[in-house]
Structure formats: structure tokens, C-alpha cells
Amino acid sequence: MLGCCGVMAAIEAWQRQSLPLQHIFILVSLALMGWMLPRGKTWFRYLYTAMEMGLIFYGTTLGYLHILPTLYLIVLIRSCFLFEAPGRWVVAGLSLLLYMVHQIQYLQTVIPLMLPNVEQQKIWMHQTAELLMFGLGLFFVSQLVSTLIAERRTQEQLSLAHEQLREYALQIEDLAAVQERNRIAREIHDSVGHALTTLNIQLQTALKLWTHDPSEAKPFLEQAQRLGKVAMQEVRQSVHTLRADVVAEEPLEPAIASLVKEFEHSTGIKVVAHIRLETILPAQMSKTIYRVVQEAFTNICKHAQATSVQLQLTQTSDRLHLSIRDNGCGFQAQIKSSGFGLHGMQERIAAMQGSFRVEAEPQAGCCILVELPLQEGLQ
């Protein structure tokens, strides 16, 4: 629009044989002001808009360049970047009012030069149509620019949201890596730690028996060798879980029965096991229960000095109940609660939305109580 006004100024300058310096100054000023939209206080933005309107109004009072009042559209477009909806409509209303003033001034200049009343009526109708078209132009330009600005803001918000999501994804990835390391640490502690603890007991027993009767030490050495193989398998399994976590697991009841048999053979501690499962448990739940029993047996073997253990695993309609009780030396449950084994069991149960509780007293043994919720519709 500024370019069109510039062309019109050049045509009128050629016709009048004079250079319209004031109009050129107005057009250049409006062009330069478009490069420096204010971003400061509200009063400064209103002053900026008033200066634009003042320049256009002054240009129209010079008596020629009839296209100049249409530059109020530029003022409206710029106001869309400076004000919210109420301020934009104020600028649109003022622009329409000033345009109307310019049209009246133009008619007052042109109509006396036209003699027939019919021609005057046509001029009035023409100018009225121009006024309506200019008002519609103001409305549609305001709506278009507002829509474009809203779309740009939406894109900026989407970009910001995308960046935040990317940061959250990185945080979740780091958290998942930490959780995976903790899970693997629990696996190694529960499986390899159990096997190596039992292996150490077998070797200690074999060493004591070797000086008296090597033949009696032989079964313990064979058991130690078997446990060494088990430990190696567990290490390989833990390494394998770094690549994939799809492992074929045997059913829970025979797995626990095998664990009980191994524990009794290696420690001489009698285990009374009562297992009653009415359905097939999910693989993750079976693995959690197995690791808790395994870690409990490891702790009993290391610390309890027990002679018997009672294990109960039962299932109700909506929950799975596990209790492991020994008759060992016990401990203060409030004090001894920071061990890695107990902490690992708590983490496993918490991950399954279950409850974990330890009941222990000095010289009164220890009891581990676990409850896990069963999924609805589990068959």
C-alpha cells in the first residue's frame, strides 16, 4: 500500500510538475515506523499509533493524493501486533471515523464543481459505497491478521510444548535407565548373591570335614561345584537381561519347591512349605515372589542362625499372601531396615503395588509378610 501511494505521488508530481516532498516524507516515515514496532509500555504503543494516524491525517489535509486515507489499514494491521482485541477495535473505529471525515472533506471540495443534482447523488452513493467497503476492509483485515497472529502464537506454544516434551522424554529415559540398573542390581544380589552365599557355606563345611574324613566332604564339594555353575548361569542371565527381558520361566510352585530343596540341602535348615495357588500368576508377579523367597532364604542363611523356616503362599480372590517365618535370633526391625536385601525386596513389592512388612524381635525370629493385589479377571 505504501508503494501504491508512492506511485500515485510520482504520477501527481509529474502532472503538477512539482515534487510532493511532504507526502514523500509521510510515506518514508510510515515505512520506517513499520520496522520499529514498540514493545514497551502501553502508553508508548498508543503514542506510536497516534503518531501514525496523525501523519496520515496531515497528509490528507494537503489537498491531493486521494488514496492516502486507505493507509489507515496499515495502522490497523500494526495495531494487531501491539494490542489485544479491545485496543484493535478502538483503532479500527478511529480509522473508520477519520476516513469518514476525509470522505466528507473530499465531497465538500468536489460537489460544488458538479452542476447537475443527479451527478451529485451518484457521487454521494459512490462515496458511501467506498465508506462501506473501507469498513468491511477494516473488519476482514483485523480478523485475518488476528487469525494469523493466533496461529503463530499456537505454533510457538506447540514448539515450546514439543521442547518440554523432549526434555521430559530425556528425563524419563534417564529415570528408566536408573530403574533398570536398580532392577539388574537386585537381580544380581538376589540370584548370584544367594548362590555364592550357599557356595561359601558348602566350602566351609567341606573344609572342616576334609581334615577328618575327605569322603564326607565330597558331597559338599559336589554341591559347591553345582552352585558355582548356578552362579555362572545367573551372571549370564543378568547380562542377558541387558539385551532382552524375555526369559522363559518355570512355574512358580516347582521353582519354589526346588529352591526349598536346595536351601535344606545346603544349610540343613528344615523348611515347612505350604503353597496353595488357584490360578496361574502373571510372569512378573511369579518372578517377584520367587526373588523375595530367594532373598529371604539368603538372609536366613547369613544372619538368622535358625533351625526351621515356615513358608506360606496362598491366594484369595483378589490378593496374594506370602509369609516367611524363621525361629532364629531375630533383630530390631526399626534399626535394621537399610540392608540392600530388605530394600530390594521392598522395591520389588512396591513396583507391583503391594505391601511389604517385616516383624522381628531379638531372640524371637523374623517374619516377612507380603501382599500383592491380583489383576481383575485373572484366570
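Does the stretch 81-94 hold any residues that are surrounded by fewer than 21 Cβ atoms within 10 Å (Cβ to Cβ) and over 16 Å from Trp43 (Cα atoms), and which are they?
Within the stretch 81-94, Ala85, Trp89, Gly93, Leu94 qualify.
Out of Gln305, Gln310, Gln315, report the one residue that is closer than 19 Å to Ile368 by Cα and under 39 Å from the mean Cα position of the chain (by Cα). Before you say what the answer is, go through the steps one by one.
On the way: Gln305 fails: under 39 Å from the mean Cα position of the chain (by Cα); Gln310 fails: under 39 Å from the mean Cα position of the chain (by Cα).
Testing whether each residue is closer than 19 Å to Ile368 by Cα and under 39 Å from the mean Cα position of the chain (by Cα) leaves just Gln315.
Strands (runs of 3 or more DSSP E) wholly in the stretch 252-365 with at least 3 residues that are loosely packed, with under 13 Cβ neighbours inside 10 Å and without any contact (Cβ under 8 Å) to a residue 60 or more places away in the chain - which ones?
The strands (runs of 3 or more DSSP E) meeting that bar are 270-276.
Mind listing whichever residues of the stretch 209-228 are closer than 15 Å to His265 by Cα and exposed (fewer than 15 other Cβ atoms within 10 Å of the Cβ)?
Glu216, Lys218, Pro219, Glu222, Gln225 - these are the residues of the stretch 209-228 that are closer than 15 Å to His265 by Cα and exposed (fewer than 15 other Cβ atoms within 10 Å of the Cβ).
Identify all residues within the stretch 124-157 that are of a type in the set (Ser, Thr, Tyr) and touching a residue at least 60 places away in the same chain (Cβ under 8 Å); write none if there are none.
Pass one, the stretch 124-157, residues of a type in the set (Ser, Thr, Tyr): 128, 142, 146-147, 154.
Residues satisfying the conditions are Ser142, Ser146.
Here's the yes/no breakdown for (1) closer than 30 Å to Thr42 by Cβ; (2) at pLDDT below 80; (3) buried (at least 16 other Cβ atoms within 10 Å of the Cβ); (4) assigned by TED's automatic domain parsing to the domain that holds Leu37:
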| site | (1), (2), (3), (4) |
| --- | --- |
| Ser79 | yes, no, yes, yes |
| Leu96 | yes, no, yes, yes |
| Gln103 | no, yes, yes, yes |
| Thr109 | no, yes, no, yes |
| Leu136 | yes, no, no, yes |
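So in the stretch 232-251, with the set limited to residues that are in a helix (DSSP H, G or I) and modelled with pLDDT of 65 or more, which one is surrounded by the most Cβ atoms within 10 Å (Cβ to Cβ)?
Ranking the qualifying residues of the stretch 232-251, first place goes to Glu234.
Of all residues in the stretch 287-302 being modelled with pLDDT under 85 and over 41 Å from the mean Cα position of the chain (by Cα), which is farthest from Ser258 (Cα to Cα)?
So the residue we want is Lys302.
The values are calculated or read from the model by the stated rules, or taken from the named source; none is laboratory data. Predicted model, so just to flag it, every value in this text is computed and none were measured. Cβ: placed from backbone, ideal geometry, glycine included. Neighbour counts: every protein chain shown.
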